[in-house]
Amino acid sequence: MADYVLSEDEKYVTGQIADAFLARHQVWEPYQYPERIQAEAEKLPLGLRQFMVASRADEAAVITVSNLPVDENLVPTPASWQIAEKEGAAIREELVLLLVASLLGDPFAWSNQQNGRLVHDVCPSKGQETSLTSASSQTQLTLHTEDVFHACRGDYVALMCLRNPDGVGTTVARVDAVDLDDSVREVLHQDRFRFYPDDSHEYGTVEGTAAGLDERPHDRGAVLFGPAEFPYLRMDADFTSPLSGDTDAERAMAECAERLNASAERVVLRPGMVAFLDNYRVVHGRDVFTPRYDGTDRWLKRTSVVRDLRRTYVHTGKRSRVLA
């Protein structure tokens, strides 16, 4: 894990950069000016910029930055992402996340996730306790590749903590920490698997219930890919399946999932800390916790980052950061 802790002076400078930007943009609609945010990121402290560039070049599996500015009088944790969006909750912190994320690549969004916002709110919501989304709390979020189904999925998932009084853990497992037999690796490197959108993408509903996997678009490919000596990983046990009748692929996927679970580590995010998870090198999840719904629950800001925005332009056929 690569970690950078801002000094108090660096924290102050970062806050000043965010405040000055917000003063010049009275209406907070970050999807309208991400390029300006990216240019503004060049004003961030030199040490932080050098650290992020080096971590990107090294392909660090997990990158953390701590002691970022978070309002001491932070508003209560919203009851849902919809309320957070409506109230414009913690927009300064959203900007800080986008500034730092821009040092790694280009933040982007999905049209069918949280209204196409560049930054999502991750907070528990009543009625969603056992859902397979970030609004859940009382069910374990299975280790997964973010947006596993899409060729333009992010290179990084960025999670910035605003509040986490109960020390709820983010679980992380690295593909290079998993020891698999050569025969299993060979199967996982073959295009014998289907990848589906998770429930947060809202691909159709039946009486308020997310559509079944067979009703959703999917992509076919391999679980392991890229350089044999430095493989990348693509898997979500809830939204990945072997091709019908392929028992060898089924066994290989089950073994891979079991080994990943056994090797998983916990990262406890604290206020002012952001974790950038390499979406090609690690899978991540979240611990179970009991929400109070009293404004003090865990609250994160999340965005996805791609190292080369042009591949999303090629896929969509237009210069847009919002994927359908």
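State all residues of segment 88-133 that are charged (D, E, K, R) and surrounded by 22 or more Cβ atoms within 10 Å (Cβ to Cβ); if no residue qualifies, say none.
93, 94, 121, listed by residue number.
Could you pull out the residue among 188, 180 that is crowded, with 20+ Cβ neighbours inside 10 Å and touching a Cys at 6+ places or on another chain (Cβ under 9 Å)?
None of the others qualify; the one that does is 188.
Look at residue 313 and say whether it is surrounded by 13 or more Cβ atoms within 10 Å (Cβ to Cβ), without any contact (Cβ under 8 Å) to a residue 40 or more places away in the chain, aromatic (Phe, Trp, Tyr) and over 30 Å from residue 182 (Cβ atoms).
Yes.
Would you mind stating whether residue 5 is more than 28 Å from residue 133 (Cα to Cα) and surrounded by fewer than 18 Cβ atoms within 10 Å (Cβ to Cβ)?
Yes: the conditions hold for residue 5.
Name the one entry in 298, 292 that is in contact (Cβ under 8 Å) with a residue 12 or more places away in the chain and not β-branched (Val, Ile, Thr).
Just a single option satisfies the conditions, and that option is 298.
Could you check segment 80-123 and list, in sequence order, the residues that are assigned to a strand (DSSP E or B) and within 12 Å of residue 37 (Cβ to Cβ)?
Passing the criteria: 106, 107.
Just the residues that are among the aliphatic types (A, V, I, L, M), under 22 Å from the mean Cα position of the chain (by Cα) and surrounded by fewer than 20 Cβ atoms within 10 Å (Cβ to Cβ), please, taken from segment 223-256.
Within segment 223-256, 237 is the sole residue that qualifies.
For segment 185-196, check the following and say yes or no: at least one residue is modelled with pLDDT under 95, within 19 Å of residue 242 (Cα to Cα) and in a helix (DSSP H, G or I).
Scanning segment 185-196 turns up no residue that is modelled with pLDDT under 95, within 19 Å of residue 242 (Cα to Cα) and in a helix (DSSP H, G or I).
Could you list all residues from segment 25-49 that are farther than 15 Å from residue 13 by Cβ and assigned to a helix (DSSP H, G or I)?
30, 31, 32, 34, 35, 36, 37, 38, 39
Quick check on this structure: which one of 13, 27 is within 24 Å of residue 123 (Cβ to Cβ) and over 20 Å from the mean Cα position of the chain (by Cα)?
Among 13, 27, only 27 is within 24 Å of residue 123 (Cβ to Cβ) and over 20 Å from the mean Cα position of the chain (by Cα).
Here are some conditions: (1) in contact with a Ser or Thr (Cβ under 6 Å, 6 or more places away or on another chain); (2) at pLDDT 95 or above; (3) surrounded by 20 or more Cβ atoms within 10 Å (Cβ to Cβ). Residue 80 meets all but one. Which one does it not meet?
Going through the list (1) in contact with a Ser or Thr (Cβ under 6 Å, 6 or more places away or on another chain); (2) at pLDDT 95 or above; (3) surrounded by 20 or more Cβ atoms within 10 Å (Cβ to Cβ), residue 80 breaks only (3).
Restricting the search to segment 136-170, which residues are of a type in the set (A, V, I, L, M, F, W, C), buried (at least 22 other Cβ atoms within 10 Å of the Cβ) and more than 26 Å from residue 99 (Cβ to Cβ)?
143, 148, 149 - these are the residues of segment 136-170 that are of a type in the set (A, V, I, L, M, F, W, C), buried (at least 22 other Cβ atoms within 10 Å of the Cβ) and more than 26 Å from residue 99 (Cβ to Cβ).
What residue, of 132, 162, 143, is part of a strand (DSSP E or B), farther than 22 Å from residue 17 by Cβ and not β-branched (Val, Ile, Thr)?
After ruling out the rest, the residue left standing is 143.
Pairs under 6 Å by beta carbon, first residue charged (D, E, K, R) in segment 17-35, partner not in a loop (DSSP other than H, G, I, E, B), six or more apart or different chains?
Correct list of pairs: empty, since none qualify.
Criterion first (of a type in the set (A, V, I, L, M, F, W, C), surrounded by fewer than 13 Cβ atoms within 10 Å (Cβ to Cβ) and at pLDDT 95 or above) does residue 173 satisfy it?
No: the conditions fail for residue 173.
Which condition number does residue 34 fail, the rest of (1) loosely packed, with under 15 Cβ neighbours inside 10 Å; (2) at pLDDT below 95 being met?
Only one criterion is unmet by residue 34, namely (1).
Tell me, please, whether a residue that is charged (D, E, K, R), at pLDDT below 95, outside any loop (DSSP other than H, G, I, E, B) and farther than 26 Å from residue 287 by Cα can be found in segment 217-240.
Among the residues of segment 217-240, at least one is charged (D, E, K, R), at pLDDT below 95, outside any loop (DSSP other than H, G, I, E, B) and farther than 26 Å from residue 287 by Cα, which makes the answer yes.
The values are calculated or read from the model by the stated rules, or taken from the named source; none is laboratory data. None of these values were measured; they are calculated from a predicted model. When we count neighbours, we look across all protein chains shown, and the Cβ atoms used for this are built from the backbone with ideal geometry, even at glycine.
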